[in-house]
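The values are calculated or read from the model by the stated rules, or taken from the named source; none is laboratory data. Keep in mind that this is a model prediction, so the values were computed, not measured. Please note: Cβ atoms are built from the backbone with ideal geometry, for glycine as well, and neighbour counts cover all protein chains shown. Quick note on the areas: whole protein, heavy atoms, side chains included, nothing else; ligands and nucleic acids left out. Shrake-Rupley method; radii C 1.70, N 1.55, O 1.52, S 1.80 Å.
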Amino acid sequence: MSAPLSYDPQPPRPAWGVRVEPHKALSMGQGIRIAPLPRQVRVPLDLTAMRVAEAIVAPGDSILTGQVIARFPGPGGNAICAPVTGRVRDIAPCPVPVAGNYQARCISIDTAGEDRWSEDCKPLEPAGSLSRENLQARIARAGIVGLGGALFPTADKLRTRTPVNLLILNGAECEPYITCDEMLMRDRPERVIHGAAIMLRALGARQAVIAVESDMPEARLALKAALAETDEPGIGVAVVTAKYPAGGERQLIELLTGQEVPLGGLPGDLGIVCQNVATAAAVSDLFRQGRPLISRIVTVTGNGIGQPGNFEVRLGTPLRELIAAAGGYAQPDCQLYMGGPMMGIALDSDELPVTEASNCLIVSTPEEMAAPRPEFPCIRCGECSRVCPARLMPQDLLIACMAGDAERQAALQVDACIECGCCDYVCPSQIALTARFVQAKAQQRHWRLDQARAAEARERSDAHARRQAERAAQYADGPKADPASGEQAMKDLMARLGQRDPTDD
Amino acid sequence: MLAVVVLAGLAGLAGAGLLFAAGRLRTDATAQVVNQVDELLPQSQCAQCGYPGCRPYAAAIVAGEAPINRCAPGGDSTIQALSHLLQREALPLDTRFGEHQPAQLALIDEALCIGCARCLEVCPVDAIIGAPRFMHTVLQDACTGCELCLPPCPVDCIDLVPRPPDS
């Protein structure tokens, strides 16, 4: 570690980022409530196109809570567990609340009102007695994925090839409105700490730090108190400045250690692994209660909801039932957003299921969210550059995006954009920068594919031309045998045949 | 007198050096520009431009023998890029040398293929594998969709299909 971790309550203030009205008190009136069991759940099999699970149940099957219902191919052994008891209705594409109006194949399960748990869901033997591999395999089988939003399988993240010397538990929930991680740390700090200890063992690492923002004193004190009661060594609490997006993985690492994760690299390159605090709590629940990942805490907030708050809700629950549990709509013309106001997406229906990535549901009244305003030309004030946490130059990228110049976009490193929306937030011309960069990042993938394909075609074509030239040279060599000797050979042949010379005629 | 001889000698040496350098550098610079032009071409090696491949076309462009608007697979974006690099006027695509169309892929109907091996010879990127009297198949990752394998096929068993967007 090159720079010491900052544990002090006066942490360094980043130059990047924006201060946004937090709106967090709205959903922190009471503790975490358990949402009632849903009547139907939908469990997506391919929430991210990169990882597609295969269902191992068929329509009509009876299933128990916690039973494995789908597996991801590959050696990791990652699975998906049934969040409820019931009967499989069908497996069909359904809309899910992720960006891009995406339809995922979902297992639909009708529940029977009861909650019987599978035999497999027993507390696991003291985690300390299990080997690293064993811990990782159990976490994979319980379907635990990163609950911070990226959905990366936790077990895969714990199987590091390079040694890890620091585990960061990300509790720096910087986006406005969202309070699910903060409430978790306040209500259940011991689970976060227990999960962190298991993850440390599964990583073979010694040091873990739970990062909270400077505006969460209750969470910090709850964690400190819980830490004082346990005998887990090597776990500490660090405070980072409350400034959006301090909770971004790369930004948090930079604030805590002073190191930057290289572009195209991973925190593992610095010997760091970052996990969300909710993921740590899920790991703790698995080992202490035998509970696989079947639920998550979702913040339901906004002026349009009856009783805003945090709910522990089974995965796959329709948003409609979650909204009913939170007191229903306060007025009829509300707009739903999944995620926070900076990075969230607008939803067009309340029939969508809660997923592992659903950290916050905002039910907003028309007055609450500003309507999109018309774009004006860029005045090159440079404000976007100042706030960009990835240190990009959004004003130049905008020009490259408008020109569709993929090479220039690559040179300006559009791939480093974390899509936080800070540039949009400060832009005095109200230009939708992030939306363009998201599009550009998708185009970059195609552009790089085309470049790679062209390079390969050039190489193959050169090889083909070389081979043809060689062959041509060979044929030219073959019958070439010196004409004089050819003549001689003909004469010899004629002599052998004892005939007259044919040229005599 | 001595001074004159020494100076004349030095001047002669310098002149010879410059002459040598000029010859050397000029060929290098030309090769470099050909490489840059080649970089901008889509590398389909389709020969629609009238030259046997992308590099020969690039060489012809640099030598001033060919206009920059003959590459149908590259289309307008390639013409723009070439125009920018070479500071020549961006003309519209010369459609006598083909129309710009979305990326394609050759697909051999393996039920019809008789294994004549004629397409193997003409594929500019060696993307077809097979042997005489054995079925052939196209390496999808390597195929540029150049259509050069179509004319030699005696049983017309090669089709061009749109390239799937993510392959």
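Things worth noting here:
- Between 0 and 90°, nearest 10: helix B:75-86 axis offset from chain B longest Cα axis: 10
- Over the range A:323-452, relative contact order from alpha-carbon pairs under 8 Å, at least 6 apart, %: 21
- Using only side-chain charges placed at the Cβ, +1 for Lys and Arg and -1 for Asp and Glu, the dipole size of the range B:102-167 relative to its Cα centre rounds to 140 debye.
- In the range B:2-97, the inverse of the mean reciprocal separation of distinct Cα atoms equals 15.3 Å; this is its Kirkwood hydrodynamic radius.
- Net charge, A:S295 excluded, C-beta distance under 14 Å - Lys, Arg +1, Asp, Glu -1: +1
- Of the solvent-accessible surface of the range A:323-410, computed with a 1.4 Å probe over protein heavy atoms with every protein chain present, carbon and sulfur atoms account for 55 percent.
- Shielding of peptide B:140-150 by partners, expressed as the average count of other chain Cβ atoms within 10 Å per residue Cβ, is 2.
- Distance between the modelled labels on A:A225 and A:E351, one decimal in nanometres: 4.6 nm (7 Å Cα→Cβ projection).
- Most to least packed among A:419-430, A:51-62 [average Cβ atoms within 10 Å]: A:419-430, A:51-62
- Proximity of backbone amide H atoms, modeled 1.01 Å from N, is registered between B:I128 and B:L139 at under 5 Å, excluding neighbours fewer than 5 places apart on the same chain.
- Counting only protein heavy atoms and a 1.4 Å probe, the range B:102-167 has 54 square angstrom of accessible area per residue.
- For the range A:198-284: rounded, prolate or oblate by the Cα gyration tensor [a/c cutoff 1.5]: oblate
- With R₀ fixed at 56 Å, the C-beta to C-beta distance from A:A442 to B:L7 puts the FRET efficiency at about 0.25.
- Rounded to 10°, Cα long-axis angle of helix A:483-497 versus longest principal axis of chain A: 60
- Three-way shape label, the range A:68-134, alpha-carbon gyration tensor, a/c 1.5: oblate
- Peptide A:463-473 shows a mean partner chain C-beta count of 2 within 10 Å per residue C-beta.
- C-alpha long axis of helix A:277-289 to longest principal axis of chain A, angle in °: 80
- Between A and B, roughly 1400 Å² of accessible area is buried in total, ligands, DNA and RNA not counted and the probe set to 1.4 Å.
- Cβ-Cβ FRET estimate between B:D126 and B:A14, R0 fixed at 60 Å, reported to 0.05: 0.75
- Among beta bridges from DSSP that stay inside the protein assembly as shown, the antiparallel ones total about 70%.
- Equivalent ellipsoid, chain A (semi-axes from 5 times Cα gyration tensor eigenvalues, Å): 56, 30, 26
- Relative contact order of chain A, taken over Cα pairs closer than 8 Å and 6 or more residues apart, is 17 percent.
- When only the Cβ of Lys, Arg, Asp and Glu is charged (+1, +1, -1, -1), the dipole of chain A relative to its Cα centre reaches about 600 debye.
- Taking Cα centre as origin and charging only the Cβ of basic (Lys, Arg, +1) and acidic (Asp, Glu, -1) residues, the dipole magnitude of the range B:2-97 rounds to 200 debye.
- Computed [θ] at 222 nm, deg cm²/dmol, chain B (DSSP H ≥ 4; -39,500 (n - 2.57); rounded to nearest 500): -13000 deg cm²/dmol
- Exercise: per-residue mean of other protein chain Cβ atoms within 10 Å, A:450-459: 6
- Packing here is the average count of other Cβ atoms within 10 Å per residue, and on that basis the peptides A:281-292, A:86-97, A:459-470, A:211-222, highest first, run A:281-292, A:211-222, A:86-97, A:459-470.
- Helix-only CD estimate at 222 nm, as mean residue ellipticity for chain A, using -39500 (n - 2.57) per DSSP H run (n ≥ 4): -10000 deg cm²/dmol
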